[in-house]
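Where a number appears in this text, it was derived from the coordinates with a stated rule and is not lab data. Nothing here was measured: the structure is a model prediction, and the numbers come from that model. No Cβ is skipped: glycine too gets one built from the backbone with ideal geometry, and neighbour counts run over all protein chains shown.
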Amino acid sequence: MDLLYNLLMILAAVVGLPFFVFRCLRERRFRERMRHNLGFFLPETLAKVEGRRPVWFQAAGVGEVVAASSIIKEFKLQLPDIPVLISSGTISGYEMAQRILPEADAIIFYPPDLPWLPGHIVERIGPRAYVPVETELWPNFIRAARRRSIPVVMVNGRISERSVENYRKLRRMFTKMLDTVVRFCMQSTIDAQYVIRLGADPHRVLVTGNTKYDQNYSQVTAAEQLQFLAELGLAGAGPVIIAGSTHRGEEEILLDVFKAARASLPQAKLMIAPRDIPRSPGIVELARRHGFVAELRSRLPELNEPGVVDIVVLDTIGELGRLYSLADLVFVGGSLVPHGGHNILEPAAQGKPIVVGPHMFNFKDTYALFSGRDACLTVLDGAELVQKTLQILTDPALARRMGDEALTIVQENRGAAVRTVENLKEILAEREEPSCM
């Protein structure tokens with residue numbers, strides 16, 4: 001199984017080589033990513049961690065970086081002398097780490113799991129612990145850690161029901177990886193049950209909670225809100241609908257929903273924040289073909305009258321969480337199509353009523369909590385989304401009740417980062433001299 005996996009990884013690298021070369025020629029950030037992918041780091045990149053045995057956090061993308069941030073901040077508060085390195089597999093995740101994690105001593109792109117790379121890179125970085133965030137278990141990196149007796153600790157762990165079925169097909173290889181993990185800090189009881197079902201030692205599995213509840217969600221002042229409203233052409237507008245983390249296939253539905261909603265609420269405005277930012281210009285063109293005046297967020301300052309814009313499409317990183325404060329209603333994407341949904345905690349922390357589609361299987365525990373307390377409504381399709389949108393936007397008491405309940409849930413569930421760091425400290429203490437701790 002390991003041989004087959006490695007052959008497939010090599011094949012994927014060979015097939016993707018022309019694409020990688022093309023992007024290297026066009027994008028400076030991608031060239032940096034490729035250097036890291038091949039194990040070539042500029043001296044200043046690892047200056048603060050090389051030879052100091054950092055704790056290495058691996059976060060796949062933006063969501064995982066955000067989840068890791070509260071753990072890293074708490075870790076550095078309690079253990080400021082131990083360096084921290086964080087890696088991400090995407091450009092957006094890397095840039096998010098640079099923006100929100102000044103506490104990190106090094107930020108790198110995560111190299112691909114090709115058979116010859118992990119050993120070399122793990123040897124150079126020499127981590128005292130390797131900490132995958134959520135589900136970031138890569139066989140060759142896990143093997144490299146095991147061979148060097150580096151403890152592996154999964155944090156903010158989550159396993160979707162779909163993943164359970166997929167991992168079962170690779171049970172032999174996956175069981176070997178699970179045996180290497182010394183502790184599983186899982187988000188929920190359901191996640192803990194799933195990872196045990198896949199073969200994890202129950203004595204190593206703990207429920208520490210979801211660290212995304214612990215984020216320092218930006219509180220936007222009234223003055224900042226007024227500035228945003230003016231910049232976005234929303235001053236004096238009717239209700240504002242924000243669709244966050246949308247996927248291909250959802251924008252068409254949302255545009256039909258918006259058109260139907262405007263029949264009753266003609267002053268309504270829509271903001272779309274696609275999960276994949278490079279899709280933003282295409283969404284603007286799609287909205288225009290539907291008859292709307294649409295523009296990219298970055299282009300609004302160039303307009304003399306931004307208020308004429310019906311639909312704003314975000315093409316910026318790290319701004320959505322603050323812009324949620326402007327919303328009268330939030331739809332969270334990846335849920336009308338079978339992607340599994342996205343994090344609903346950012347709009348919840350702003351006290352906003354939330355609507356999602358039926359596909360929330362990647363956030364089952366959070367979704368169950370919010371929907372069970374009527375802080376989040378579920379729709380099956382575009383027609384029902386129109387109905388629920390109008391229901392919430394025409395009933396201020398309902399919108400306020402949903403938003404208040406969402407905010408209450410966030411406040412009640414804080415503390416996962418502290419519990420996770422306590423577990424990390426315990427693991428490190430078992431392997432370090434007392435003077436190091």
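Taking springs between alpha-carbon atoms closer than 10 angstrom, which of Leu303, Leu137, Leu229 fluctuates most in the Gaussian network model of the chain?
Leu303
Please report the spacing between the Cα centers of segment 24-93 and segment 206-265 in Å, no decimals.
29
Out of segment 278-320, which GluC sites (Glu not before Pro) are coil in DSSP terms and have no more than 16 other C-beta atoms within 10 Å?
Counting only loop positions with at most 16 other Cβ atoms within 10 Å, the GluC sites (Glu not before Pro) in segment 278-320 are Glu319.
Can you tell which of Val21, Val195, Val152 shows the greatest fluctuation in a Gaussian network model of the chain with Cα springs below 10 Å?
Val21
Grab the DSSP H runs of the chain that are 4 residues or longer, score each as -39,500 (n - 2.57), total them, divide by all residues and round the 222 nm result to the nearest 500 deg cm²/dmol.
Computed ellipticity for the chain at 222 nm equals -14500 deg cm²/dmol.
Name the chymotrypsin sites (Phe, Trp or Tyr not before Pro) in segment 1-104 that are in a loop by DSSP and that have at most 16 other C-beta atoms within 10 Å, would you?
Phe40
Amide H neighbours of Glu136 under 5 Å, counting only residues 5+ apart in sequence or on other chains, H built in-plane at 1.01 Å?
none
Testing the spin-label approximation: label points 7 Å from Cα along Cα→Cβ at Asp179 and Leu380. State their distance in nm.
With each label point 7 Å from Cα toward Cβ, the separation is 4.7 nm.
Check each of the trypsin sites (Lys or Arg not before Pro) in segment 120-168 and keep only those in coil by DSSP with at most 13 other C-beta atoms within 10 angstrom; list them in order.
Numbers: sites: Arg124, Arg128, Arg143, Arg146, Arg147, Arg148, Arg158, Arg162, Arg168; in loops: Arg128, Arg148, Arg158.
When the trypsin sites (Lys or Arg not before Pro) of segment 120-168 are filtered for loop state and at most 13 Cβ neighbours within 10 Å, Arg148 remain.
For a quick check: with amide H placed at 1.01 Å from N, whose amide H comes under 5 Å from Phe331's, ignoring anything fewer than 5 positions away on the same chain?
Ile242, Ala243, Gly244, Val355
Can you give the convex hull volume per residue for the Cα atoms of the chain, as a whole number of Å³?
150
Which angle between 0 and 90 degrees, to the nearest 10, do you get for helix 91-100 versus the longest principal axis of the chain when only C-alpha atoms count?
Between helix and principal axis, roughly 90 degrees.
A 22 angstrom limit on the alpha carbon distance is what I want to check against. Which of Lys73/Lys364; Lys176/Lys425; Lys212/Lys425; Lys176/Lys364 exceed it?
As for pairs spanning more than 22 Å Cα to Cα, those are Lys73/Lys364; Lys176/Lys425; Lys176/Lys364.
Is there a quick way to get the dipole size of the chain? I mean about its Cα centre, with the Cβ of Lys and Arg at +1 and of Asp and Glu at -1; what is the value in debye to the nearest 20? Intermediate values should be presented prior to the final figure.
Numbers: 51 positive and 50 negative charges, 248 e Å.
Its charge dipole is roughly 1200 debye.
For helix 382-393, report the angle its Cα long axis makes with the longest principal axis of the Cα atoms of the chain; keep it between 0 and 90° and round to the nearest 10°.
70
For the chain, what is the relative contact order in percent, using Cα pairs closer than 8 Å and at least 6 residues apart in sequence?
About 13 percent, as a whole number.
Name the residues of segment 260-288 whose amide N is less than 17 Å from a point 7 angstrom out from the Cα of Gln98 along the C-beta direction?
277-278
Run through the DSSP bridge list for the chain and note the antiparallel percent, rounded to the nearest 5.
Expressed as a percentage, antiparallel bridges in the chain total about 0.
Given segment 251-313, what whole percent of its Cα pairs are spread farther than 19 Å?
Considering segment 251-313, 26 percent of its Cα-Cα pairs are separated by more than 19 Å.
Bin all alpha-carbon pair distances of segment 48-122 at 10 Å intervals from 0 and give each bin's fraction as a whole percent.
Spelled out bin by bin, segment 48-122 gives 20, 52, 26, 2 percent.
Can you list the aspartates and glutamates whose alpha carbon is less than 15 Å from that of Lys48, not counting same-chain residues fewer than 8 positions off?
List returned: Asp81, Glu103, Asp105.
Using a basic spin-label model with each label point 7 Å from the Cα along Cα→Cβ, how many nm lie between Arg401 and Arg262?
Calculated label separation equals 3.1 nm.
Using θ = phi - 60° and the Karplus relation 6.51 cos²θ - 1.76 cosθ + 1.60, list the HN-Hα couplings for segment 247-256 in order, rounded to whole Hz, with x at every Gly or Pro.
Here the 3J(HN,Hα) series is 10, 3, x, 8, 4, 4, 5, 5, 5, 5 Hz.
Report the gain in length on full extension from Ala223 to Arg431: 0.36 nm times residue separation, minus Cα-Cα distance, nm rounded to one decimal.
The Ala223-Arg431 span can extend by a further 69.8 nm.
Cross-link partners among lysines for Lys388, C-alpha distance below 17 Å, same-chain residues fewer than 8 apart left out?
Lys259, Lys269, Lys352
Cα extents of segment 222-412 along the three principal axes, largest first, in whole Å?
So the three principal-axis extents are 45, 35, 32 Å.
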